[in-house]
Amino acid sequence: MNIFDLTFEQLTDYLLSIQQKKYRSTQIWEFLYRHRVQSFSEMYTLGAPLIATLEANFTIDYLQPLKTLTDSDGTIKILYQLNDQQKIECVVLNNAYGYSLCVSTQVGCNMGCIFCASGQHKKIRDLQSGEMVSQILSSQKHLNIDIRSVVIMGIGEPFDNYQNVLNFIKIINQPKGLEIGIRHITISTCGIIPKIKQFMQENLQVNLAISLHASDDKTRTYLMKINQAYPFLDLIASIKEYLDFTKRRVTIEYILIDHVNDQEEDAHRLINLFKNLNVYFNLIPYNPVTGVNLHPSTRETRQNFFNILKKAGIDVTIRNPQGENIEAACGQLRIKNL
Ligand code: SAH
């Protein structure tokens, strides 16, 4: 088993079960996440017998980078190979607050959004928590950088791999380890309502982002298959419930696609739905995907859409196109290298 799969509590329970003292888990945790050793033999303070037991039962699995692409804007995309030869990708974003990593949660994705490269190939499997943790550790090592924030927005639907993603969040937030601030973690979902409700009950300070991408039910069903199971208005209701319960702001992601969802009436419908709610709109220029007959909105349309929302008092930003030249949109690199 990959030791990165274990939460701190699980590691402690394991050590207690083999008659080890509790403080050993902190020691091991620091070796893994602070000193970032890649073999148990480097955990010299544990003593030979415990090192041998760990070696017999666990591995320390870093991921193998297959390709690294750097865009002129500083965005870096890494293609990783997993132990079973499957491939996933990570995107490193360099922003004002330091390095941020966009983490994948599944090999492929079953959600089938028509604009998304990841959905062009069905899910092969879920990622283990440790494989998500390794994306951070391996990227830090590979690029010699320190990652301070994480967006769970890579390949896959995180709420379709709920428990592993939750454990991943616990592991990277754990003190004496990577200790990535809980408010520096954002999880993005296509709108699996029961999981949004479950996540709300976890009472974590993690940021939630919803991929909305439409202002009405029909358009959303056209773009996102998931809308048939969890319709637009039910999703809006669940966002309201989440806002009331957590008192935390929710991010609404909205890709602007030419003549699909970028008309003035779309902006006005959004205003009616979201005015006075504690949400923050992130308008994203559509990143074209080979084989998909959709186009980004023009610069004027984007700006106009932004202005209409802004004028109505909606908190909104337009994300600058990042990583366009390296096909950094969800899943684009992986499908080219299958
Ligand atoms: N499954 C999750 C997280 C992964 S996708 C979700 O749906 O939220 C991360 C974000 O990238 C989502 O908002 C998704 O809709 C968006 N995205 C996917 N393909 C894109 C593309 N070609 N251009 C711009 N954004 C894209």
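Taking the criterion of being open to solvent by 10 Å² or more (accessible area, probe 1.4 Å), assigned to a helix (DSSP H, G or I), touching a residue at least 12 places away in the same chain (Cβ under 8 Å) and not aromatic (Phe, Trp, Tyr), the residues of segment 142-165 that qualify are His142, Leu143, Asp160, Asn164. Look through segment 90-104, keep the residues that are under 20 Å from Gly156 (Cβ atoms) and open to solvent by 10 Å² or more (accessible area, probe 1.4 Å), and return whichever of them is modelled with the lowest pLDDT. Going through the qualifying residues, I end up with Leu93. Of the set (1) under 12 Å from the mean Cα position of the chain (by Cα); (2) more than 13 Å from the ligand (Cβ to nearest atom), all apply to Asn164 but (1). Between Phe281, Phe274, the distinction of being in contact with a helix residue (DSSP H, G or I) (Cβ under 7 Å, 6 or more places away or on another chain), aromatic (Phe, Trp, Tyr) and open to solvent by less than 10 Å² (accessible area, probe 1.4 Å) belongs to Phe281 only.
Ser215 passes every criterion in (1) buried (at least 22 other Cβ atoms within 10 Å of the Cβ); (2) within 12 Å of the ligand (Cβ to nearest atom) apart from (2). If you go through segment 199-208 and pick out every residue that is closer than 13 Å to Ser238 by Cα and within 16 Å of the ligand (Cβ to nearest atom), you end up with 2.
Of all residues in segment 121-141, those being touching a Ser or Thr at 6+ places or on another chain (Cβ under 7 Å) and surrounded by fewer than 22 Cβ atoms within 10 Å (Cβ to Cβ) number 0. Among the criteria (1) within 22 Å of Gly74 (Cβ to Cβ); (2) crowded, with 18+ Cβ neighbours inside 10 Å; (3) hydroxyl-bearing (Ser, Thr, Tyr), the one Ser118 does not fulfil is (1). Is it fair to say Leu294 is closer than 22 Å to Gly112 by Cα and modelled with pLDDT of 95 or more? Against the criterion (closer than 22 Å to Gly112 by Cα and modelled with pLDDT of 95 or more), Leu294 qualifies. In segment 87-107, the qualifying residues are those that are within 10 Å of Ile136 (Cα to Cα) and of a type in the set (A, V, I, L, M, F, W, C), and the one that is nearest to the ligand (Cβ to nearest atom) is Cys102. Taking Ile236, is it in the same structural domain as Ile152 (by TED's automatic domain parsing), open to solvent by less than 10 Å² (accessible area, probe 1.4 Å), modelled with pLDDT of 95 or more and part of a helix (DSSP H, G or I)? The answer is yes for Ile236. Polar (S, T, N, Q), within 16 Å of the ligand (Cβ to nearest atom), assigned by TED's automatic domain parsing to the domain that holds Arg220 and without any contact (Cβ under 8 Å) to a residue 40 or more places away in the chain - does that describe any residue in segment 266-277? No, segment 266-277 contains no residue that is polar (S, T, N, Q), within 16 Å of the ligand (Cβ to nearest atom), assigned by TED's automatic domain parsing to the domain that holds Arg220 and without any contact (Cβ under 8 Å) to a residue 40 or more places away in the chain.
The values are calculated or read from the model by the stated rules, or taken from the named source; none is laboratory data. Please read these numbers as outputs of a predicted model, since none were measured by experiment. Positions of Cβ are generated from backbone atoms using ideal geometry, with glycine treated the same way; all protein chains shown enter the neighbour counts. For accessibility, only protein heavy atoms count, side chains too; no ligands or nucleic acids. Shrake-Rupley method; radii C 1.70, N 1.55, O 1.52, S 1.80 Å.
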